[in-house]
């Protein structure tokens, strides 16, 4: 099993628009072979000293996959290609962190 943390920086004031598009693909992704978990998360403001300030322009996607191969197939799935076209005007940048249990 692998875990993926995808950090997506969206255009200022467009997070809700991005999330609406993202939620459209969640059922399709959860139905993909090898997908164990897939969902968007947003920062929660707290008074915890170790936490950085909340980012109102960021969506973090938490994913779990059976393998890197399943993740690679996900990235090439037709619904993901279409999704990336739809959100391109909303996204300012993104990064992935792929992890495995230690």
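The values are calculated or read from the model by the stated rules, or taken from the named source; none is laboratory data. Quick caveat, the model's predicted, so the values are computed rather than measured. Backbone-built Cβ (ideal geometry, glycine too); neighbour counts: all protein chains shown.
Assess whether residue 33 counts as being over 12 Å from the mean Cα position of the chain (by Cα) and over 20 Å from residue 8 (Cα atoms). It would help to see each step written out before you state the result.
Working: over 12 Å from the mean Cα position of the chain (by Cα): yes; over 20 Å from residue 8 (Cα atoms): yes.
Taking the combined requirement at face value, the residue satisfies it.
Looking at 75, 99 in this structure, which one is modelled with pLDDT of 95 or more and either over 15 Å from residue 5 (Cβ atoms) or out of contact with any strand residue (DSSP E or B) (no Cβ under 9 Å at 6 or more places or on another chain) (or both)? First the steps, then the outcome.
Working: 99 fails: either over 15 Å from residue 5 (Cβ atoms) or out of contact with any strand residue (DSSP E or B) (no Cβ under 9 Å at 6 or more places or on another chain) (or both).
75 is the lone residue from the list that is modelled with pLDDT of 95 or more and either over 15 Å from residue 5 (Cβ atoms) or out of contact with any strand residue (DSSP E or B) (no Cβ under 9 Å at 6 or more places or on another chain) (or both).
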For segment 61-71, check the following and say yes or no: at least one residue is farther than 18 Å from residue 100 by Cβ and touching a helix residue (DSSP H, G or I) at 6+ places or on another chain (Cβ under 6 Å).
no
Considering only residues that are surrounded by 13 or more Cβ atoms within 10 Å (Cβ to Cβ) and closer than 26 Å to residue 14 by Cβ, which ones fall in segment 43-70?
43, 55, 57, 58, 59, 60, 61, 62, 63
Pair list, Cβ under 8 Å, 6 or more apart: segment 23-36 residue within 12 Å of residue 70 (Cβ to Cβ), other residue at pLDDT below 95 and not in a helix (DSSP H, G or I)
none
Go through segment 1-26 and give me each residue that's within 13 Å of residue 80 (Cβ to Cβ) and either touching a helix residue (DSSP H, G or I) at 6+ places or on another chain (Cβ under 6 Å) or not in a strand (DSSP E or B) (or both).
21, 22, 24, 25, 26
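One line per residue, one yes/no per condition, for (1) under 20 Å from residue 19 (Cβ atoms); (2) assigned to a strand (DSSP E or B); (3) more than 12 Å from the chain's Cα centre (by Cα):
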position: 43; (1), (2), (3): yes, no, yes
position: 47; (1), (2), (3): no, no, yes
position: 72; (1), (2), (3): no, no, yes
position: 84; (1), (2), (3): yes, no, no
